[in-house]
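Here is the structure we will look at, set down as structure tokens.
The values are calculated or read from the model by the stated rules, or taken from the named source; none is laboratory data. Remember, predicted model here, so these are calculated numbers, not experimental data. As a convention, Cβ positions derive from the backbone with ideal geometry for all residues, glycine included, and neighbour counts pool all protein chains shown.
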Amino acid sequence: MITLLLALATAPIQTPRPTLVVVITVDQLRPGYLVRYRAQLSGGLARLLERGAVFETAFQDHAVTETAVGHATVLAGRHPARHGIIRNDAGVQDSTAPLLNGAGGGASPFRFRGTVLMDWLKVRDLRSRALSLSIKDRGAILPLGRTREQVYWYAGGELTTSTYYAAALPEWVQAFNARNLPARAAGRSWDLLLGPEAYAEPDSVPWERAGRDPVFGHRLPLDAAGARTGFPATPFADEYLLAFALEGVQRLGLGRGPAPDLLAVSLSSTDYIGHRFGPDSREIHDQVLRLDRALGTFLDSLYRLRDSTRILVALTADHGVTAIPERTVALGGGPAERVADAFAGRMDSALAARLGPPDDGRPWVEIDNGLVTLQARALAARGVSPDSLTRVWVREARARPAVLRVDTRRTLAAADTARDPIARRWRHLLPPDVEYAVAITLRPGSVWAAPIPAMHGSPHDVDAAVPLIIMGPGVRGGRYPGRVGVVDLAPTLARLLDVPPLEPLDGRVLTEALHPTR
């Protein structure tokens with residue numbers, strides 16, 4: 001009898017094969033929010049924390065922790081050094097793929113390298129389909145890599161796509177847009193979800209929103225155009241996008257089989273609000289509570305449409321955020337600065353005056369979140385030594401008090417990445433063919449200057465730490481304290497779906513959180 005009981009206890013658990021994978025990426029969601037506000041969570045975030053496999057020490061393990069970079073990593077299983085998306089400014093912008101509604105520039109994933117989970121699913125069974133949505137173009141596009149599926153984002157007050165994906169919007173998308181929900185929100189006030197006593201944060205803080213309208217409630221403009229513009233920076237945008245996701249599941253028949261489908265939803269409101277008000281604000285507190293409720297409503301509705309035992313749900317983020325530097329200094333949290341990068345402009349102007357503009361129209365020198373790139377081959381062809389410019393940059397950067405370290409290609413190559421997380425994250429970011437000169441890391445708490453109160457982008461843990469939760473068939477709920485990466489999500493989902501990746505990955509299967517299977 002004892003032998004039989006032991007055999008039953010260790011026998012593989014038969015779980016139904018998933019028919020729908022839902023990957024939710026919350027832009028700028030710090031993992032600490034889920035701890036800080038846990039007692040007030042009662043919706044979707046609470047359900048994930050209670051029933052899912054919660055990885056307590058998860059990271060986007062690369063430098064330049066920005067939206068495009070993080071979203072490209074979520075379902076690739078590879079670091080940016082291999083998928084090729086290393087900054088927002090060279091993300092999805094593509095003038096050859098104009099938007100169908102003509103609102104803004106074109107967009108496509110043409111810079112993305114390699115494959116993602118959706119490619120692996122399509123190779124296994126061409127009947128697998130995907131729907132990817134976001135307020136931001138990069139948030140919708142990059143989780144699907146270069147696959148041409150149903151991909152939509154918010155532009156000009158409605159949901160659209162580019163000619164990379166379609167020649168015209170489907171009828172169901174046009175019908176959703178015809179409801180004109182952002183414009184109809186004109187004059188709507190974002191007020192506290194709970195009573196004021198439920199929020200420990202002060203409501204009037206001078207650094208929030210640069211001192212303009214920092215106090216609840218926050219009302220959208222009364223005119224339709226103003227409402228459409230202001231809509232993404234409210235919790236209402238998350239509700240809007242989740243409603244569109246449910247509409248898409250119904251109209252496209254996602255999750256009905258015979259092959260597994262993918263729904264990727266990137267929720268942007270937390271990022272817009274976090275940038276304006278900072279991670280320690282009453283606004284971000286209320287936004288997380290509203291996100292929790294919105295996700296609860298979404299999951300309840302999804303489970304009414306499809307069998308919940310056949311749905312895998314994963315939640316993560318593209319990056320975290322650094323506290324508003326002025327707040328850090330005022331509260332005695334140590335030195336924190338906004339560091340201007342005017343030196344890049346001066347060097348580029350000097351080179352342009354001497355050499356004329358580069359043939360491709362790009363600057364000779366650029367800096368983005370500490371990454372200094374040079375047109376090294378073009379400079380060398382015109383008699384300028386890239387190494388001499390690099391030495392100038394190193395001297396200039398090291399002279400700044402807010403700079404923690406300055407790395408070159410040589411120092412990063414020699415670094416012990418097991419013991420040096422900053423070097424490891426820069427190495428994980430940079431493909432071999434990127435012509436970079438130096439990688440500058442600011443001291444914790446300092447940010448690169450921008451007209452936005454709170455910023456991210458550094459290789460420090462505060463910007464790199466993200467939540468990672470997986471819930472559904474084949475997953476053992478519980479808390480897992482070991483260090484993991486977002487690159488581990490795609491191979492883990494692939495194992496649960498029984499689809500082999502099409503290329504070597506940087507991530508691993510999180511077997512500690514999976515039930516044994518036959």
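Any residue in region 451-466 that is surrounded by 19 or more Cβ atoms within 10 Å (Cβ to Cβ), modelled with pLDDT of 95 or more and of a type in the set (D, E)?
Yes, region 451-466 has at least one match.
Tell me, please, whether a residue that is in contact with a Gly (Cβ under 9 Å, 6 or more places away or on another chain), in a loop (DSSP other than H, G, I, E, B) and either surrounded by 21 or more Cβ atoms within 10 Å (Cβ to Cβ) or not β-branched (V, I, T) (or both) can be found in region 283-301.
No, every residue in region 283-301 fails to be in contact with a Gly (Cβ under 9 Å, 6 or more places away or on another chain), in a loop (DSSP other than H, G, I, E, B) and either surrounded by 21 or more Cβ atoms within 10 Å (Cβ to Cβ) or not β-branched (V, I, T) (or both).
Do we have L121 as part of a helix (DSSP H, G or I) and under 14 Å from the mean Cα position of the chain (by Cα) here?
It is false that L121 is part of a helix (DSSP H, G or I) and under 14 Å from the mean Cα position of the chain (by Cα).
Within the set of pairs 6+ apart or on separate chains, which have a first residue in region 307-321 that is surrounded by 24 or more Cβ atoms within 10 Å (Cβ to Cβ), a second that is among the basic types (K, R) and modelled with pLDDT of 95 or more, and C-beta atoms under 8 Å apart?
Listed by first residue and then by second, the contacts come to A317/R30; G320/R30; V321/R30.
Considering every residue within region 170-178, establish whether at least one is in the same structural domain as D89 (by TED's automatic domain parsing) and crowded, with 24+ Cβ neighbours inside 10 Å.
No.
Just name the residue that is farthest from E66 (Cα to Cα) out of those in region 126-159 that are of a type in the set (S, T, Y) and in contact (Cβ under 8 Å) with a residue 60 or more places away in the chain.
Residue satisfying both the conditions and the ranking: S128.
Inspect all residues belonging to region 81-100 and state whether any of them is more than 19 Å from the chain's Cα centre (by Cα), among the polar types (S, T, N, Q) and within 29 Å of G257 (Cβ to Cβ).
no
Which of the numbered conditions does A227 fail, given that it passes all the others? Conditions: (1) touching a Pro at 6+ places or on another chain (Cβ under 7 Å); (2) part of a loop (DSSP other than H, G, I, E, B); (3) under 27 Å from E66 (Cα atoms).
That leaves (2) as the condition not met.
Would you pick out the residues in region 37-87 that are without any contact (Cβ under 8 Å) to a residue 60 or more places away in the chain and surrounded by fewer than 24 Cβ atoms within 10 Å (Cβ to Cβ)?
R38, A39
Within region 107-151, work out how many residues are crowded, with 23+ Cβ neighbours inside 10 Å, farther than 15 Å from L75 by Cβ, in contact with a Leu (Cβ under 9 Å, 6 or more places away or on another chain) and not aliphatic (A, V, I, L, M).
So the answer is 1.
Of all the residues that make up region 489-501, how many are touching a residue at least 60 places away in the same chain (Cβ under 8 Å) and either part of a helix (DSSP H, G or I) or surrounded by 14 or more Cβ atoms within 10 Å (Cβ to Cβ) (or both)?
Final tally of qualifying residues: 9.
Quick check on region 227-241. Is at least one of its residues touching a helix residue (DSSP H, G or I) at 6+ places or on another chain (Cβ under 9 Å), surrounded by fewer than 16 Cβ atoms within 10 Å (Cβ to Cβ), closer than 30 Å to P170 by Cβ and hydrophobic (A, V, I, L, M, F, W, C)?
no
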